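Participant: Sharing a structure with you now.
Laboratory data are not the source of any read-out in this text; all were calculated from the coordinates shown. Computed from a predicted model, the values in this text were never measured in an experiment. Please note: Cβ atoms are built from the backbone with ideal geometry, for glycine as well, and neighbour counts cover all protein chains shown.
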């Protein structure tokens, strides 16, 4: 059995757009007719350019190869062009293709992917969700309202979730890390306090940021949040100096979580060696794929660290996250996004049930992608999956991060 054909679909989730502006889905077919699906997480080039990168990576390193030779194909891509170092774009392309290889292998052997990764460790995967507006909430007010955040959190907890994530601490910008405005700290504390009061000890609070602070600023904010006992302080500083995470971790009692923007075990190893993070959040469609992150999970065990696969993408990456999560002992929690489009795209094959995702039993990733639905929503925009603002932190007028999705329009009052 050899890898033969590649197809790529760039699909745009309809409003409200949770999960990003577009998802890059890859479909591999073997010479025996088995198909496998993968997803490449957002890269630093546009989707048109990224499709060419994906095709090049496939043709150069994978086409004609047996799908089980994942280690060999990884080493080819990792070493491509005399690199042997993390490369977000090339490894993002490879990651989606690698996930598709696992889907093929599982289907060929009639077993779920987790069964090929050492077997089932977890019968179900603890899930968390970002706080999104409820139907009656207005945007942009939602993103700065302690009352609405608490209401959204309580709704999730009442559905069985035991962890909720939110990120009220202002914008992420191309300028790198900054000191938070005092108003950003006050707003963050107010929202933490409101959510904690609403949910009590029924759920962990996952405090998210997007690398927008310098180490000293992150420490100021982190210490202000300590009374509310968040489970984690997510990506408090930019990922371009991994050594700085250790300074924040030493100064703040909240566990540091990070990894959405990292790729390959090389980058995660730096965090582990220095004590920079105790919760790792790989995006499997960028980080090197399932096998590479299985290795990272094993490394993390040696340092007392846990895994919390990240998701701001489509349901194919989510399916890969769940397969990995089922197979590892040091799982903390896995992110999920529930929209009608996510669910329809995989025919409801994987769902959250009372705050947990049961271990999938179907072969491969455990999903069937609705190809017609994916093609019916092409992406025709110019923006990248996620983008950073150019304007600096506003110390006078206030800051807002609007959840990474278009604002809903409302009729005039």
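Participant: With everything on Cα atoms, drop me the angle between helix 215-225 and the longest principal axis of the chain, reported from 0 to 90° to the nearest 10.
Facilitator: Once rounded, the angle reads 70 degrees.
Participant: Starting from the 7 Å offset along Cα-to-Cβ, what nm value, one decimal, do you get for the label separation of residue 193 and residue 110?
Facilitator: So the two model labels end up 6.1 nm from each other.
Participant: Order these peptides, 243-252, 187-196, 376-385, by their mean beta-carbon neighbour count within 10 angstrom, highest first.
Facilitator: Values: 243-252: 18.5, 187-196: 20.6, 376-385: 13.2.
By packing density, highest mean first, the sequence is 187-196, 243-252, 376-385.
Participant: Please report the antiparallel percentage of the DSSP beta bridges confined to the chain, to the nearest 5. Intermediate values should be presented prior to the final figure.
Facilitator: Details: 19 of 41 bridges.
Beta bridges within the chain, antiparallel portion: roughly 45 percent.
Participant: Which value at 222 nm does the chain reach when only helices count, each DSSP H run of 4 or more adding -39,500 (n - 2.57), with the total divided by all residues and rounded to the nearest 500 deg cm²/dmol? Could you put the intermediate results ahead of the total?
Facilitator: Values: 12 runs with 145 residues, N = 413.
The helix contribution divided over the chain gives -11000 deg cm²/dmol.
Participant: If you don't mind, another one. Tilt of helix 47-61 relative to the longest C-alpha principal axis of the chain, in degrees (0 to 90, nearest 10)?
Facilitator: 40
Participant: Could you work out how far the C-alpha centroid of region 304-342 sits from that of region 1-75, in angstrom?
Facilitator: Answer, in whole Å: 19.
Participant: Please work out how much length the chain gains when fully extended from residue 31 to residue 266, using 0.36 nm per residue of separation minus the C-alpha to C-alpha distance, in nm with one decimal.
Facilitator: Extra length available between residue 31 and residue 266 comes to 81.2 nm.
Participant: Determine the gain in length on full extension of the stretch residue 175-residue 202; use 0.36 nm per residue of separation and subtract their C-alpha separation, reporting nm with one decimal. Let's see the in-between values first.
Facilitator: Values: separation 27, 0.36 × 27 = 9.72 nm, distance 3.78 nm.
That works out to 5.9 nm of additional length.
Participant: Sort 73, 1, 293 by Cβ crowding within 10 Å, fewest neighbours at the top.
Facilitator: On the way: 73 24, 1 14, 293 27.
Result, fewest neighbours first: 1, 73, 293.
Participant: Next question, about the same structure. Taking neighbour Cβ counts within 10 Å as the exposure measure, how do 350, 290 sort from fewest upward?
Facilitator: On the way: 350 23, 290 27.
Least to most surrounded, the residues fall as 350, 290.
Participant: Within region 298-319, list the residues whose amide N lies under 13 Å from a label point set 7 Å along Cα→Cβ of residue 376.
Facilitator: none
Participant: Right, here's the next one. Would region 115-365 count as rounded, prolate or oblate if I go by the C-alpha gyration tensor, calling it rounded below 1.5 in a/c and otherwise prolate when a/b exceeds b/c, oblate otherwise?
Facilitator: Details: a/c = 1.79, a/b = 1.15, b/c = 1.56.
Note, shape of region 115-365 comes out oblate.
Participant: Listing 110, 201, 368, 167 from the residue with the fewest other Cβ atoms within 10 Å to the one with the most, what is the order?
Facilitator: Working: 110 10, 201 7, 368 14, 167 22.
Taking fewest neighbouring Cβ atoms as first place, the list is 201, 110, 368, 167.
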